[in-house]
Amino acid sequence: MPIDPPPVKSLSGAGVRLRLATREDLPALTALVREPDVAPWWPTWGPPEEEFVDPEVATYVIEAGGETAGVLLFHEETAPAYRSAGMDIAVSGRFRGLGLGRRALALMARHLFEERAHHRLTIDPAAANARAIRAYHAVGFRDVGVMRRSERGPDGVWRDGLLMDLLPGELREP
């Protein structure tokens, strides 16, 4: 089922802009998730273009200085008793270490809490992705637990994931 209501076209704040991706962005996003330092953490088992045009996922281009710096996605659980959203993010190696990912996550988290009425957000990095986990902790995400063998890495080996969540009062603006 497509995201309803439709996602906003853009969000801006704290030196970062999130813009709803279009088909024209697919080559840049595909190249981004194939970068050597992104690909190990972004397993794809079909054409990456397919995951960026899924009607059940909102895909945003992270822009910095007018350049494509990353991708941020969210999906929603809309049942009133479980209203929550899950997020995923990748930042190009050229833009790492600038706090861009943390600012993009905080911007989207605030939007999901305040405008889309979610009570909880989740993110689930590979348990070995220490850099991502540090960034998520900096925004306020907390460890929930290890999901054993939760995803297959690009090498075909099953690996553990870390389920993390965030409640509105825990959000930290970087």
**Request:** Among the numbered conditions (1) within 16 Å of VAL38 (Cα to Cα); (2) open to solvent by 80 Å² or more (accessible area, probe 1.4 Å); (3) not basic (Lys, Arg), tell me where GLU114 comes up short.
**Result:** (1)
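Starting from residues that are of a type in the set (Lys, Arg) and without any contact (Cβ under 8 Å) to a residue 60 or more places away in the chain, keep the ones in region 76-111 and report whichever is least open to solvent (accessible area, probe 1.4 Å). Spell out how you get there, then give the answer.
Start the filter on region 76-111 by keeping residues that are of a type in the set (Lys, Arg), which leaves 83, 94, 96, 102-103, 110.
Add one more test, that the residue is without any contact (Cβ under 8 Å) to a residue 60 or more places away in the chain, and what stays is 83, 94, 96.
Working: ARG83: 49, ARG94: 160, ARG96: 69 Å².
Ranking the candidates gives ARG83 first.
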**Prompt:** Across region 157-174, what is the total count of residues that are at pLDDT 95 or above, open to solvent by 50 Å² or more (accessible area, probe 1.4 Å) and not in a strand (DSSP E or B)?
**Reply:** 4
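Each row is one residue, and each column tells you yes or no for (1) touching a helix residue (DSSP H, G or I) at 6+ places or on another chain (Cβ under 9 Å); (2) open to solvent by 70 Å² or more (accessible area, probe 1.4 Å).
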residue: ARG23; (1), (2): yes, yes
residue: GLU35; (1), (2): yes, no
residue: PRO55; (1), (2): no, yes
residue: PHE74; (1), (2): yes, no
**Message:** Filter region 128-156 down to the residues that are touching a Lys or Arg at 6+ places or on another chain (Cβ under 9 Å) and open to solvent by 70 Å² or more (accessible area, probe 1.4 Å) and list them by number.
**Reply:** ALA128, ARG131, ARG149, ARG152
**Asked** Based on what the data block shows, is PRO2 assigned to a loop (DSSP other than H, G, I, E, B), in contact with a strand residue (DSSP E or B) (Cβ under 8 Å, 6 or more places away or on another chain) and not aliphatic (A, V, I, L, M)?
**Response** no
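The values are calculated or read from the model by the stated rules, or taken from the named source; none is laboratory data. Please read these numbers as outputs of a predicted model, since none were measured by experiment. In this analysis, Cβ positions are derived from the backbone assuming ideal geometry, glycine residues included, and neighbour counts consider all displayed protein chains. Note: accessible area is taken over every heavy atom of the protein model, side chains too, but ligands, DNA and RNA are not part of it. Shrake-Rupley method; radii C 1.70, N 1.55, O 1.52, S 1.80 Å.
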